[in-house]
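Visitor: Below: one structure in structure tokens.
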Amino acid sequence: MSYGVSKFLSGLVADRANPRAFLVTGLVASALLNVAFGLSSSLGMLIGIWALNGIVQSTGAPASAK
């Protein structure tokens, strides 16, 4: 759910932002969230990190398409 909604919103932001910086920011944030996912053991934290990861991963497609 978070990926689908964020992909639409990221498309709006990517049209106004520098696509290269937007893509790099999303990739770095996704990498950091993946590390945090591996270090977490709480179910609530895992769900939250997974949702945030979906949000930041949605920045890749609009920035690449532009």
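Visitor: When the residues of the range 34-55 are filtered to those that are of a type in the set (A, V, I, L, M) and without any contact (Cβ under 8 Å) to a residue 40 or more places away in the chain, which remaining residue is most open to solvent (accessible area, probe 1.4 Å)? Working first, answer last.
Guide: Going through the range 34-55, the residues of a type in the set (A, V, I, L, M) turn out to be 35-36, 39, 43, 45-47, 49, 51-52, 55.
Now restrict to residues that are without any contact (Cβ under 8 Å) to a residue 40 or more places away in the chain: 35-36, 39, 43, 45-47, 49.
Values: 35: 88, 36: 36, 39: 146, 43: 125, 45: 107, 46: 43, 47: 99, 49: 14 Å².
That would be 39.
Visitor: I would also like to ask the following. Can you tell me which of (1) open to solvent by less than 90 Å² (accessible area, probe 1.4 Å); (2) at pLDDT below 95; (3) among the hydrophobic types (A, V, I, L, M, F, W, C) is the one residue 1 doesn't meet?
Guide: (1)
Visitor: Filter the range 41-61 down to the residues that are within 15 Å of residue 4 (Cβ to Cβ) and small (Gly, Ala, Ser) and list them by number.
Guide: From the range 41-61, those within 15 Å of residue 4 (Cβ to Cβ) are 50-61; that's our starting set.
Passing the criteria: 51, 54, 58, 60, 61.
Visitor: Find the residue count for the range 15-33, including only residues that are modelled with pLDDT under 95 and either open to solvent by 80 Å² or more (accessible area, probe 1.4 Å) or farther than 17 Å from residue 2 by Cβ (or both).
Guide: Selection size over the range 15-33: 12.
The values are calculated or read from the model by the stated rules, or taken from the named source; none is laboratory data. These figures come from a predicted structure and were not determined experimentally. All Cβ positions, even for glycine, are placed from backbone atoms using ideal geometry, and neighbour counts span all protein chains on display. Accessible surface areas use protein heavy atoms only, side chains included; no ligands, DNA or RNA. Shrake-Rupley method; radii C 1.70, N 1.55, O 1.52, S 1.80 Å.
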